[in-house]
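We did not get these values from a lab; they are worked out from the coordinates using the rules stated. Bear in mind the structure is a predicted one, so any value in this text is a computation, not a measurement. For neighbour counting, all protein chains shown are included, and Cβ atoms are generated from backbone atoms with ideal geometry for every residue, glycine included.
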Amino acid sequence: MGFWKTWFNSNDGVVTTKTTHGLEEHTANSNGGNSNSSGDRIVFSTERDIDLYELEELCDAVGWSRRPLRKVKKAIEHSFLVATMWQVRGNRRRLVGFARATSDHAFNATIWDVVVHPDVQGKGMGKALMKYVLKKLRSEDISNVTLFAAPHVVDFYRNLGFMSDPEGIKGMFWYPH
């Protein structure tokens, strides 16, 4: 339980700002809670009504290969949690982060498709997105969270408290031939 206490008993820079139509929005700023010099703010949401073309542009920005939009839509619809991160300037907003999780709705969740736009990388926004996702999963009493990480981001997740399986069990995969 110590891991979760360090995440959720500290000020994480994510502040609830409003609830509209059952949608919680939380804000965090990249400089510790104040608006940055350009007046931008970062807004987190669990709203699932996402423009798939905007999501595709975000994935393109980090070099991910394209996936069929009908399958992306289906994955979002069937996810336990969908989290988005928006850069807001005035009345304009831009999708700068995305993550989703699948779950058994009781014990386990797996985080998928974590992506943060290069414009906001290196400013703590990936960490803020992950804290938001983990906080939402913990609010649903999910205590076992897994993810798959490409080799170049393993240290990022390790710095967030993720670890290789402590039991030394290796994941197994089945792919169609």
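Does the stretch 52-121 come out rounded, prolate or oblate by the C-alpha gyration tensor, with a ≥ b ≥ c the root eigenvalues, rounded set by a/c under 1.5 and, if not, prolate when a/b is larger than b/c and oblate if not? It is prolate, given that a/c is not under 1.5 and a/b is the larger ratio. The string of couplings for the stretch 169-177 from the Karplus curve (6.51, -1.76, 1.60, θ = phi - 60°) is 6, 9, x, 10, 10, 10, 10, x, 7 Hz, one whole number per residue in order, with x for Gly and Pro.
Projecting label points 7 angstrom from Cα along Cα→Cβ for Phe173 and Leu160 puts them 1.9 nm apart.
Straightening the chain between Lys127 and Arg66 buys 19.5 nm, computed as 0.36 nm per residue apart minus the Cα-Cα spacing.
Taking a sphere under 12 Å around the Cβ of Arg67 and counting the other residues whose Cβ falls inside, with K and R at +1 and D and E at -1, yields a net charge of +2. Applying both filters, DSSP loop and at most 10 other Cβ atoms within 10 Å, to the chymotrypsin sites (Phe, Trp or Tyr not before Pro) of the stretch 66-130 gives Phe107.
The HN-Hα couplings worked out from phi for the stretch 47-62 by the Karplus form 6.51 cos²θ - 1.76 cosθ + 1.60 (θ = phi - 60°) are 4, 8, 7, 10, 5, 5, 5, 5, 5, 4, 4, 4, 5, 4, 4, 9 Hz, whole numbers, x standing for Gly and Pro.
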